[in-house]
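For reference, the structure is listed below as structure tokens.
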Amino acid sequence: MPKRVPTGYQRFRRHIADNRETGHAPASTRYAVLASANGRSDTRAASRLVQRGMTAFRQGDVLGSLEAFDAALLQDPGIRPYLWQRGLSLYYLEQWEEGVNQFRDDVAVNPADTEEAIWAFMCEARLWGAQRAREHFLKVGQDPRPVMRAAYACFCDATSPDAILAAVEPARGSHDLFYANLYIGLYHEAEGSLAVAEAAITTAVATPYALQSGDYMASVASVHCLRRGWGRQRRPSDRGRP
């Protein structure tokens, strides 16, 4: 079950918009944050800094996003296990060891988090290779989304990613096509098949869902292409590593 937190800490949730799709996880588990024990944490300042980091990331300034997220942690250290956006920035800045720590901290408080389990694996695959990383794959509860259940099984068991596309539900429009192609691409990247990864993720960013939804993961797919120079995306001016 999602970790329960005192209602007094719900105000952090009000200051940070959950920019993932609504089916991902209960908002209370994404952004309900424990204040520090001494009562000196500044959740309002922290939430503003998180929003600044998310904006920077969407604009392609990945290093700037990490600096804002780290500044938010200084304001309120208790938000760390909920700051999954920071883990994504760490991945693209090739700070994979700290990325592993961030995503594993997230799963520790939200043990039903399929996507963070996959991203922890993505970081570990860059450190140790996919085969060894798979030996440490995080076990989580069942995701309500068929596409993400298929993606989790694929990453965890090294089964064919064709099952991810097979799980697409036409009634969900391009939402499922976006998520299917994003995670198919990530799977192939972890396995070192970069040409196939590029084809899948550039397909994901071209879906109507990616272009219109405002989902933070759509920005992740776009930044992924920008950092690698894939498709028609151009790498923005960035202080971080390519």
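What the table below lists for this structure:
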quantity: Difference of contour (0.36 nm per residue) and Cα-Cα distance, E98 to D70; calculated: 8.9 nm
quantity: Gap separating the Cα centres of the range 41-113 and the range 153-215, nearest whole Å; calculated: 24 Å
quantity: Kirkwood Rh and Cα Rg combined as Rg/Rh, the range 118-242; calculated: 0.96
quantity: Extension gain (nm, one decimal) between R132 and L211, 0.36 nm per residue minus Cα-Cα; calculated: 24.9 nm
quantity: Q51-A171 pseudo-label distance in nm [points 7 Å out on the Cα-to-Cβ vector]; calculated: 3.6 nm
quantity: Proxy reagent accessibility, fewest Cβ within 10 Å first, across C156, C123, C225; calculated: C156, C225, C123
quantity: Cβ-derived FRET efficiency at R0 22 Å, A158 paired with A195, nearest 0.05; calculated: 0.70
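Read the figures in this text as sums done on the coordinates, not as results from a lab. In this text the structure is predicted, and so the values were computed from the model without any measurement. Cβ sites come from the backbone with ideal geometry, for glycine too, and all protein chains shown count toward neighbours.
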